[in-house]
Amino acid sequence: MNLYDIAFYAFAAVTIAGAIGVVFSRSIVYAAFALVFTFFGVAAIYVLLAADFIAVTQILLYVGGILVLIVFGVMLTSRAYSVEIKRGVFRNALAIIIVGAIAGTLITVFIVTPWPLSNLSPYEETARPIGALLMTQFVLPFELASVLLLVALIGAVIIARREKGGRAQ
Amino acid sequence: MALHVGLNDFLIVSAILFALGIYGVITRKNAIMVLMGIELILNSANINFIAFTRFGLMNLTGQVVAIFVIILAAAEAAILLAIVLNIFQQLNTVNVDEVDKLKN
């Protein structure tokens, strides 16, 4: 056990504990705040995997963007603390069985498969090579992503502004 | 188990995250909770991409793909919340099993 291992287990525990909080908490507001821990934990895991640029992007976009959007959605669509999450016992047991089967299958496949491994490269900055890749090999998906974001932006505004029973203003 | 943290440990974390996300999607009725489950699933996929970038033969491609996944997640969250707001205005509920009208 060196420091890297300890850090990995700590951040993995934070990530999974946050995810459990998201999935099992009764209040939707608590779920949203548990999601913060998951996102930060995943960002820390990216750092451990030598992906510094992705880690920063994760914090900026998920914690700063998507989570704020989700909290806005929660505040605008519910009387925040009076939300009861309806669930049936039978459905819950069935869901746990199905999800357990999925997790078991995935973990078994991951462990049994002989993955082709490369030698670990030394840590180096990734922002510059990622930028070069985006402008050369991945330039078409990059441009498509920008068009998609524009479409999503306009679409979200038009859908959200539609008044009750009427057309878009 | 290997002595040091390796590829499998990251993959197992992502598998657990994926399973929890699926559980959230199939048991929750509030549309926003379903969205949170989807975000967990996308994050688990991203952990896989970046783990294979580090340990496997994926070079930096995995990280670029992870960026596209994050972009799609952002667009998807924005659209879904717009739709949820609209449904809430029209039907006064955000539970996915109560939204069963195509036209009022």
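The values are calculated or read from the model by the stated rules, or taken from the named source; none is laboratory data. Note that this is a predicted model, so its numbers are computed, not measured. FYI the Cβ positions are ideal-geometry reconstructions off the backbone, even for glycines, and counts take in every protein chain you see.
Per this entry, A:PHE8 is counted among residues that are free of Cβ contacts under 8 Å to residues at least 60 places away in the same chain and within 23 Å of B:GLY62 (Cα to Cα). Scanning the stretch A:91-117 for residues that are assigned to a loop (DSSP other than H, G, I, E, B) and either at pLDDT below 75 or among the β-branched types (Val, Ile, Thr) (or both) yields a single hit, A:THR113. B:VAL65 satisfies every condition listed in (1) aliphatic (A, V, I, L, M); (2) over 21 Å from A:ARG162 (Cα atoms); (3) surrounded by fewer than 17 Cβ atoms within 10 Å (Cβ to Cβ) except (3).
When A:LEU120 is tested against (1) within 7 Å of chain B (Cβ to nearest Cβ); (2) in a loop (DSSP other than H, G, I, E, B), exactly one condition is not met: (1). For A:ALA50, the test of being closer than 24 Å to A:ARG128 by Cα and free of Cβ contacts under 8 Å to residues at least 60 places away in the same chain is failed. The residue of the stretch A:42-54 that is nearest to the chain's Cα centre (by Cα), among those that are at the interface with another protein chain (Cβ under 9 Å from one of its Cβ atoms) and in a helix (DSSP H, G or I), is A:VAL42. For the stretch A:8-21, state whether one or more residues are on the phi < 0 side of the Ramachandran plot and either outside any helix (DSSP H, G or I) or in contact with a strand residue (DSSP E or B) (Cβ under 9 Å, 6 or more places away or on another chain) (or both). For the stretch A:8-21, residues on the phi < 0 side of the Ramachandran plot and either outside any helix (DSSP H, G or I) or in contact with a strand residue (DSSP E or B) (Cβ under 9 Å, 6 or more places away or on another chain) (or both): absent.
So which residues in the stretch A:59-81 are closer than 15 Å to B:ALA73 by Cβ and facing chain B (nearest Cβ under 7 Å)? Passing the criteria: A:LEU61, A:GLY65, A:ILE66, A:LEU69, A:ILE70, A:GLY73. Scanning the stretch A:22-32 for residues that are crowded, with 16+ Cβ neighbours inside 10 Å and in a helix (DSSP H, G or I) gives A:VAL22, A:VAL23, A:ILE28, A:ALA31, A:ALA32. Taking every residue in the stretch B:40-69 that is within 7 Å of chain A (Cβ to nearest Cβ) and under 22 Å from A:ASN119 (Cβ atoms) and pairing it with any residue that is assigned to a loop (DSSP other than H, G, I, E, B) and of a type in the set (Val, Ile, Thr), at least 6 positions away or on another chain, the pairs with Cβ-Cβ distances below 8 Å are B:LEU60/A:THR126; B:GLN63/A:THR126. When restricted to residues that are modelled with pLDDT under 85 and more than 19 Å from B:THR93 (Cβ to Cβ), the stretch A:71-90 contains 2.
Could you please give the count of residues in the stretch B:58-95 that are outside any helix (DSSP H, G or I) and within 18 Å of B:SER14 (Cβ to Cβ)?
Qualifying residue count for the region: 1.
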